[in-house]
Every structure is written in C-alpha cells, then in structure tokens.
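Notes follow once the structure below has been shown.
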Amino acid sequence: MSEGPYSLKGAVAVVTGALGKLGPIWMETLLDAGARVMGLDHPDQKPGEAFTALRKQYGDQCVRHVAADVRIRADLERACDLCTEVFGTPAILVNNAGIDQPPDQPGGGYRLEDIPLEINREVFEVNTLGLFLVTQVFGQTMVKAGRGSIINIGSLYASVAPDSRFYAHIQSDPPFLKPPAYGASKAAVVNLSRYLATLWAPNGVRVNTLSPGGVLGGQDDNFKSKFCARVPMGRMATAEDLRGPLLFLASEASSYVTGTELVVDGGFTAW
Ligand SMILES: NC(=O)c1ccc[n+]([C@@H]2O[C@H](COP(=O)([O-])OP(=O)(O)OC[C@H]3O[C@@H](n4cnc5c(N)ncnc54)[C@H](O)[C@@H]3O)[C@@H](O)[C@H]2O)c1
C-alpha cells in the first residue's frame, strides 16, 4: 500500500462499469492504495474472472458489487445508500461505465446516413447522461461531506476522430463504422467535467477526466499493427500504464488539479 499523498487508506470509492475490462483495473489500483471499493454494474452483467479474483483477494470488507443501471436514478440511489451503509460516504468516484461498438460485434456495418438514431442515442444515454446521473447521486454526497475526487473516464476519441483505416481489413458491407456518438459522447464528458469542477471547487470536490488511448485486449493483429504505427510510443496501453494516472487523480497527490483532462495515450493525440 502506498504512503503519503498517494495513500487512499480509509477512503471509500465507487467504480461504475466495474465488471468490464477496465473496471477491475481501476478497482485493484484503489484497493492496493488502501481504499474500500463498491463496484457498480448493469444488472445483466455478471462478475467475471478479474472481479472474482479481487473479491477473493480483498474480501467482502473491502470490495463489493451492486447491480445498477447508470440510466436509472432509483438504481443509483439504492446503490449509494448501500455503499454508505456498508463502507461509508464515498470520497472517490470513477465514472467508467460506457458503451462502444467494437468491430467484432454484429451490426456495426452501416453507411453513415443509415445509422439508426437509436444506436447513437444509447451511446449518449450511457456515456454522457448516465455519467451525469451517477454524478448527481454520488457527487451530492461528496459535496455534503466537503471533499471528494471524481474521475470521469473519457477516451482519446474525445479529442480526435477514429481512423477508419484501422478497420479497413474487416470484411463487412457496408464497411464497419465506429458509432459517431462514441467520440462525441466522450468529448461531452470532458467539458461536463470542467463544468462540475468549477461548480464544486468551493465544496472541496475535484472533477477530472482520464482519457485512455487504445488498451491492449482481444483486438486482431492487423488492427493492432495499424494502431501501434500511429502511436509515438509504438504500442497499445496496458493495465500498468493506467494505474498511476488513476491513483494520481484519486489521491491527494493531485490536490490542486481539477477540471483537467489527463490523456494517457502514448502520444497518439500529440501528432
Ligand atoms: N478499452 C479501451 O481500449 C478504452 C479506451 C478508451 C476509453 N475506454 C473507456 O473506458 C471505459 C471502460 O471500457 P472497457 O473497455 O472496460 O469496456 P467494457 O465494455 O469492457 O466495460 C464497460 C462496463 O460498463 C458497463 N455498462 C454498460 N452500460 C451500463 C449501464 N447502462 N449501467 C451500468 N453499467 C453499464 C458494462 O456492463 C461493462 O461492464 C468506457 O467508458 C470506455 O469508453 C476504454
């Protein structure tokens, strides 16, 4: 467990989208630094290997999971009550729940003019409005307590458009298009963070965006080599690359940092 300004000893944290790919990475980082963590995810999502391993390692007294849809206020109020009851008032919120449309999922092949509005609506509803709703519910408890750090997970696509050549090798007619709402929903998160940061600065609550670049996962080799060629550091992000930036924003190490976007993309958006 880290000491000094990076220590989260005694702090209570909430992570949304806790059962996905990045959720357990954020949770482990917070747990390692001494926090107790309530993971929140959609009722249809079941705990996977990574989350189950955390439960086993840290136990019920430090890590729990609650089912809640970030689009439903009553779910979030229940989750907030449970968190307060079992762990105490949260001081850290990681707004990580989000949806995208990876190319290996069916239904990504649209001409722009034919993309159903429903797909774009859902992306905004979860990535932007859901994040706002979670922040209304949990952020309010932080404001009342007079302290807190909210970390909104953005994306490199908050700053730049996805390069469609990354997907050109995928056999699909019409060709795969990343949902245009994805980057737009993340860009909105960056500015929403600034709004909340200025509003809540007098209340001791800091709000920042952490925007990861592409994180190494199950992407195909062709995609990976095209993507990495665009990254000055020549590789995709790993879990290790993400831990330090999260801990920095969550802890007192960033006590004078609010309203900013920390881009963790190996330099992707620098050229
Ligand atoms: N993986 C990457 O390369 C990458 C890069 C940049 C940004 N991001 C962002 O990081 C975050 C996590 O990404 P990930 O790769 O872990 O994705 P993921 O799909 O593996 O996990 C997202 C989680 O959010 C949950 N979720 C979705 N809709 C929800 C809802 N309505 N209510 C509650 N939970 C809901 C899902 O159930 C899932 O567990 C997302 O916001 C994503 O946009 C990811």
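Computed values, structure above
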| quantity | calculated |
| --- | --- |
| Sparsely packed trypsin sites (Lys or Arg not before Pro) within region 1-101, loop by DSSP, other Cβ within 10 Å at most 12 | LYS9 |
| Cα convex hull of region 65-205 - mean projected area over all directions, nm² | 9.4 nm² |
| Residue order, fewest to most beta carbons within 10 Å, for PHE248, PHE138, PHE51 | PHE248, PHE51, PHE138 |
| Ellipticity estimate at 222 nm from DSSP helix runs (n ≥ 4, -39,500 (n - 2.57)) divided over the chain, nearest 500 | -11500 deg cm²/dmol |
| Hypothetical label at ARG111: residues of region 165-179 whose amide nitrogen lies under 11 Å (7 Å Cα-Cβ projection) | 174-175 |
| Mean projected area (nm²) of the alpha-carbon convex hull when region 4-254 is viewed from all directions | 13.5 nm² |
| Axial C-alpha extent at least 18 Å, average Kyte-Doolittle at least 0.0 - helices from the chain (DSSP) | 131-145, 180-200 |
| Potential lengthening between ALA74 and ASP32 on full extension [0.36 nm per residue; Cα-Cα distance subtracted] | 12.0 nm |
| Compactness of region 224-271 - radius of gyration and Dmax, Cα, Å | 12.9, 38 |
| Cβ-derived FRET efficiency at R0 35 Å, ARG235 paired with ARG121, nearest 0.05 | 0.50 |
| Set LYS186/LYS224; LYS21/LYS178; LYS46/LYS144 screened for pairs whose C-alpha atoms are more than 26 Å apart | LYS46/LYS144 |
| Pairs of Cα atoms farther than 21 Å apart, region 1-144, % | 45 percent |
| Under-5 Å amide H pairs with VAL14, H placed in peptide plane, nonlocal only | MET38, ILE92, LEU93, VAL94 |
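Readers should treat all values here as calculations from the given coordinates under stated rules, not as data from a laboratory. Computed from a prediction, not measured in an experiment: that's the story for all the values here. Quick reminder, even Gly has a Cβ in these numbers, built from the backbone with ideal geometry, and neighbours come from all protein chains shown.
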